[in-house]
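*Asks:* The structure is given below, and queries will be raised subsequently.
All of the numbers you see were taken from the coordinates with simple rules; none came from a lab. The structure presented is a predicted model; accordingly, all values stated were derived computationally and were not measured. All Cβ positions, even for glycine, are placed from backbone atoms using ideal geometry, and neighbour counts span all protein chains on display.
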Amino acid sequence: MSVIVCGQKRAEHPFYLEGLGINIYSCQELCYVVYHHPLMFLDGIMDQNLVNFIRNEFDMGFVAARVEQRIKSGEKQEDILLFFMQECNYYTTAELNKLRQTMMSLKRLTVFEYAKRKADYLVQFKQYGRAIAAYEEILEQRDQRADDQFVSRVLNNLGACYARIFQFRKAMEAYDKAYEKRKDLGTLERMYHLTLLDPGLALKDRYQSTVSGELMERWKKDFEKAGESAKEAEEVKKIKVLFEKDSVRRMEGAEQLVEEWKKEYRRMA
Amino acid sequence: MDGLILGFDLCDAYTQLVCNQGEKSWTLPTVICRKKEEESWMVGEPAYASALAGNGVMVDKLVKLVIKDGTSTIGGIRYGGAQLLVQFLIQVAALAKKEYNTDEIKQIVFSVPRIDTRLLACLTSCGDYLGMSGKDIHVISHTEGFMYYVLSQKREVWNNQVGMFDLSGEGLCYYEMKVQRGLRQTTVMAEKERLEEGFSLDILNSAAGRKMGDRILCSCGSRMLQKKLFSSIFLMGKGFEERDWAEGFMKLVCNRRRVYVETELFAKGAAYRAVDLLREKSAYPYVCICEGRLDSSVSMRVLYKDQDNQLMLANAGVSWYEAAKEVELILDGQDYLEFIITPPDQRKKKTVKMALEGFPKREEKTLRVLLQIGFLDERTMTVTVTDQGFGELFPSTGAVLRQEVML
């Protein structure tokens, strides 16, 4: 338990972290995302752009100069990141040592596992379009080091990404391929749910014998339950409130909401 | 002439103005008079004269009027207390401006019997009317004025304790100052006590009254000065302009002590402070604790470079109304703030915990808050904590918590 003083200036012009789709306003936020998503930063985030940002927006000229020096001398990214984080006085030395270990273990991953983990991070930040590209790249470049189980996991995640951006047909294809690689009932359940979301889709005949009527009934119930709980979501409540307003305000609110949704979808896709 | 440096002693009964460390001074009753037919103002004795002649309407007790947020209607116009006091100060400052043939005022320090927030706001906002910046106006208590006056004298005057009796139309007060010399810093402490035995100066007009006044002072003197070692005693106020009526008291105080009579002590103390404020480095490198200043320091434990450190939020000895501070903090694994309050006697150090009720529960190290502290008086600290959010990762909920902490 402790209290940390935020001594550094907050940025007036934020730094956009494309990988995570967020703006960074303070050195604490930057440290936080590096600490929680080290994988996104191991391939070279510390460049001249970020150094300039640190110098100009956080007023950390001295630290920026030292980071610059380290970049020029060809120091490893993780060492430069850890140096910067130490100067920010946000994480303790013990926490930074833990991060160093995490970074080292990530560096030891196979090239495919490393790429998948990165794509998984993109999913976490709703960057589905970029995640799909990353998963497809893994599938294209895979060799014997990527076993069936691994490929099935990648295909499953790919299917989920397509489903999130409402491309149910492509999602179905990905799940189908995933099931071919690994006979997992969970994958079938997802395929079945897709048929409920898009009535134009149907489970292939070859799966009909695997899935009993009773099982399908249970999946259907789960799907309906999820639908019911979605009705209680904050976003739905907001829409209900919007529809209670007079027509002028309702239209204004609806316009704003649709604009937000569009933006969100563009970011996702 | 570079600009005037003014020290005021501002009371309900009288106002004293000392210019440039005592080069020139004025004493006048704190009254203002406006001509009945036109918005023309007079202060002091001319104000009395005009009111007596029936040409104007006079308002007195201007300080009290401000403190009570009162108003006065003259010629059909309702004036707020603050308006009248500011007008009074404009007229008084004009005396000094005229004398020195300048319009520029560099610094003003007001010494007042009691620091009140309304009075403070009124005095610190009158800069525009006086043709100066508000940041060059400061307010100190009489006790602080006494302290600055004494500390501006030769060291032998304040080697040991210093006492002062102030007898004026506003009553009888006793002031005492002592110096604690430490290895790292010297602390100067001054206190004021209003004595219940205070009497009206009118009784000194009769022989019996003078005798009684002397007896009262003797009794107060022996009570306040007993068994203490004093370097000097000061006598201040209109009551001591003549001292032949207080034969017994003078014999008592003059016994093996230096005794000084100074009738403009608070105004001069304010003027010394005003000069000091213009210096790059203070000529009084002491921790001064008295009315109007914090007697306790307020700090907080923070983590810096893996080590526990103290973040000083308010230092003992600073004027409470100038001791505001704000700082952004990140709470790591705790949902409260803890203030450490350290009085001069370190054994009485205490901690005050402030639970952040209504604040969001977030992941570790992502609860960023803005802490703002200020003071309502020497003993009451106001704390405001606002959720600042953590960028786009955790937007602010807008949660705010306000609390008063007794020091």
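*Asks:* Could you tally up the Lys pairs in the stretch B:144-267 with alpha carbons closer than 19 Å? Skip any pair fewer than 8 positions apart unless they're on separate chains.
*Replies:* 11
*Asks:* Using only the Cα atoms of chain A, each taken as one equal point scatterer with no solvent, compute I(q) by the Debye sum, divide by I(0), and report log10 of the ratio at q = 0.09, 0.11, 0.16 Å⁻¹.
*Replies:* -0.61, -0.85, -1.21
*Asks:* Kindly state, as a whole number, the per residue volume in cubic angstrom of the convex hull around the alpha carbon atoms of the stretch B:4-132.
*Replies:* Spelled out: Cα convex hull of the stretch B:4-132, divided by residues, is 99 Å³.
*Asks:* Please find the FRET efficiency linking B:LEU277 to B:SER125, where r is the Cβ-Cβ separation and R0 is fixed at 25 Å, and quote it to the nearest 0.05.
*Replies:* 0.85
*Asks:* Quick one: if you take sqrt(5λ) for each eigenvalue of the C-alpha gyration tensor of the stretch A:62-108, what semi-axes come out, biggest first, whole angstrom?
*Replies:* For the stretch A:62-108, the ellipsoid semi-axes come out as 19, 15, 5 Å.
*Asks:* Now a separate question. What whole-number volume per residue, in cubic angstrom, does the convex hull of the C-alpha atoms of the stretch A:30-185 give?
*Replies:* It comes to 136 Å³ per residue, whole-number rounded.
*Asks:* Can you give the calculated 222 nm mean residue ellipticity of the protein assembly as shown, where each DSSP H run of n ≥ 4 adds -39,500 (n - 2.57) and the sum is split over every residue, rounded to the nearest 500 deg cm²/dmol?
*Replies:* -13000 deg cm²/dmol
*Asks:* Can you list, bin by bin at 10 Å, the percent of alpha carbon pairs in the stretch A:153-197, starting at 0?
*Replies:* Binned Cα distances yield the sequence 35, 60, 5.
*Asks:* Would you work out which of A:PHE112, B:LEU303, B:THR27 lies farthest towards the positive end of the dipole of the protein assembly as shown? Charges go on Cβ: Lys and Arg +1, Asp and Glu -1.
*Replies:* B:LEU303
*Asks:* Taking the Cα-to-Cβ direction at A:GLU180 and at B:MET312 and moving 7 Å from each Cα, how far apart do the two end points lie in nm?
*Replies:* So the label points at A:GLU180 and B:MET312 sit 7.4 nm apart.
*Asks:* Just the number: Rg to Rh for the stretch A:166-269, Cα atoms, Kirkwood Rh, two decimals.
*Replies:* That ratio equals 1.12.
*Asks:* How high is the relative contact order of the stretch A:111-231, in percent, with contacts defined as C-alpha pairs under 8 Å that are six or more residues apart?
*Replies:* Here the relative contact order equals 17 percent.
*Asks:* Going by Cα centres, the stretch A:199-235 and the stretch A:50-80 are how many Å apart?
*Replies:* Rounded to whole Å, the Cα centres lie 52 Å apart.
*Asks:* Let me ask another. Given bins 5 angstrom wide, list per bin the percent of all Cα-Cα distances in the stretch A:206-259, short to long.
*Replies:* Histogram of Cα-Cα distances, whole percents per bin: 4, 16, 15, 13, 10, 9, 9, 8, 8, 5, 2.
*Asks:* Quick one: what do you get for the stretch B:201-257 if you divide its Cα Rg by 2.2 N^0.38 Å?
*Replies:* Relative to the rule-of-thumb radius for its length, the stretch B:201-257 sits at 1.13.
*Asks:* Given the C-alpha centroids of the stretch B:89-135 and the stretch B:12-49, what is the distance between them in whole angstrom?
*Replies:* 13 Å
*Asks:* Just the Kirkwood number for the stretch B:144-267, please: inverse of mean 1/r across all distinct Cα pairs, in Å, one decimal.
*Replies:* Here the Kirkwood hydrodynamic radius works out to 14.9 Å.
*Asks:* Additional query: With the cut-off at 41 Å, report for the protein assembly as shown the share of all Cα pairs above it, as a whole percent.
*Replies:* 54 percent
*Asks:* For the stretch B:297-406, build the convex hull from the C-alpha positions and give me its volume per residue in Å³.
*Replies:* Normalising the Cα hull of the stretch B:297-406 by residue number yields 109 Å³.
*Asks:* How are the C-alpha pair distances of the stretch A:111-231 spread across 10 Å bins, as whole percents from the shortest bin up?
*Replies:* 13, 41, 33, 12, 1
*Asks:* Here is a follow-up. Residue by residue through the stretch B:217-225, what is 3J(HN,Hα) from phi via Karplus (6.51 cos²θ - 1.76 cosθ + 1.60, θ = phi - 60°)? Round to whole Hz and write x for glycine and proline.
*Replies:* 5, 4, 5, 5, x, 5, 5, 7, 9
*Asks:* May I pose another question? Relative contact order, percent, of the stretch A:1-116 when contacts are C-alpha pairs under 8 Å separated by at least 6 residues?
*Replies:* Relative contact order for the stretch A:1-116 comes out at 24 percent.
*Asks:* Consider just the alpha-carbon atoms of chain B and return their Rg together with their Dmax, both in angstrom.
*Replies:* 24.6, 83
*Asks:* Return the single residue from B:GLU241, B:GLU280, B:GLU191 with maximal mean-square fluctuation; model: Gaussian network over chain B, springs between Cα atoms under 10 Å.
*Replies:* Sorting by GNM fluctuation, first place goes to B:GLU280.
*Asks:* Using a Gaussian network model on chain B with a 10 Å cutoff between Cα atoms, which of B:PHE266, B:PHE249, B:PHE110 fluctuates the most?
*Replies:* Comparing B:PHE266, B:PHE249, B:PHE110 in a Gaussian network model of chain B, the most mobile one is B:PHE249.
*Asks:* Quick check on the protein assembly as shown: of the DSSP beta bridges with both residues there, what percent are antiparallel, nearest 5%?
*Replies:* For the protein assembly as shown, the DSSP antiparallel bridge percentage is about 75.
*Asks:* Turning to a different aspect of this structure: Give me a comma-separated list of calculated 3J(HN,Hα) values for the stretch B:393-402, in order, Karplus coefficients 6.51, -1.76, 1.60 applied at θ = phi - 60°, integers in Hz, x for any Gly or Pro.
*Replies:* Values per residue, Gly and Pro as x: 5, 9, x, 5, 8, x, 5, 9, 10, 10 Hz.
*Asks:* To the nearest whole percent, what portion of all C-alpha pairs in the stretch B:342-407 is separated by more than 17 angstrom?
*Replies:* Counting pairs separated by more than 17 Å, the tail of P(r) holds 51 percent.
*Asks:* Could you tell me which of A:LEU122, A:GLY7, A:MET216 has its Cα farthest along the dipole of chain A towards the positive end, charges placed at Cβ (Lys, Arg +1; Asp, Glu -1), taken about the Cα centre?
*Replies:* A:MET216
*Asks:* Take chain A, connect every pair of alpha-carbon atoms lying under 10 Å apart with a spring to form a Gaussian network, then pick out the residue of A:LYS76, A:LYS225, A:LYS183 with the largest mean-square fluctuation.
*Replies:* Fluctuation is largest for A:LYS225.
*Asks:* Taking the Cα centre of the protein assembly as shown as origin and charging only Cβ (+1 Lys, Arg; -1 Asp, Glu), how large is the dipole, in debye to the nearest 20?
*Replies:* In debye, rounded to 20, the protein assembly as shown gives about 1320.
*Asks:* Another question, if that's okay. Tell me, what ³J(HN,Hα) does each residue in the stretch B:199-204 have, in order and in whole Hz, if you take phi through Karplus 6.51 cos²θ - 1.76 cosθ + 1.60 with θ = phi - 60° and put x for Gly and Pro?
*Replies:* 9, 6, 5, 5, 5, 6
*Asks:* So what is the orientation-averaged projected area of the stretch B:156-195, using the convex hull of its C-alpha atoms, in nm²?
*Replies:* Its average projected convex-hull area is 3.2 nm².
*Asks:* Name all residues of the stretch B:379-396 having a backbone nitrogen under 16 Å from the label point set 7 Å from the Cα of B:MET406 along its Cα→Cβ direction, giving them as ranges.
*Replies:* From the stretch B:379-396, the list is B:379-383.
*Asks:* Can you give the Rg to Rh ratio of the stretch A:15-107, both from alpha-carbon atoms, with Rh computed by the Kirkwood formula?
*Replies:* Taking Rg over the Kirkwood Rh, I get 0.92.
*Asks:* Right, here's the next one. If I stretch the segment between A:GLU18 and A:ALA94 completely, what's the gain in nm (0.36 nm per residue apart, minus their alpha carbon distance), one decimal?
*Replies:* Contour length minus Cα-Cα distance gives 24.5 nm.
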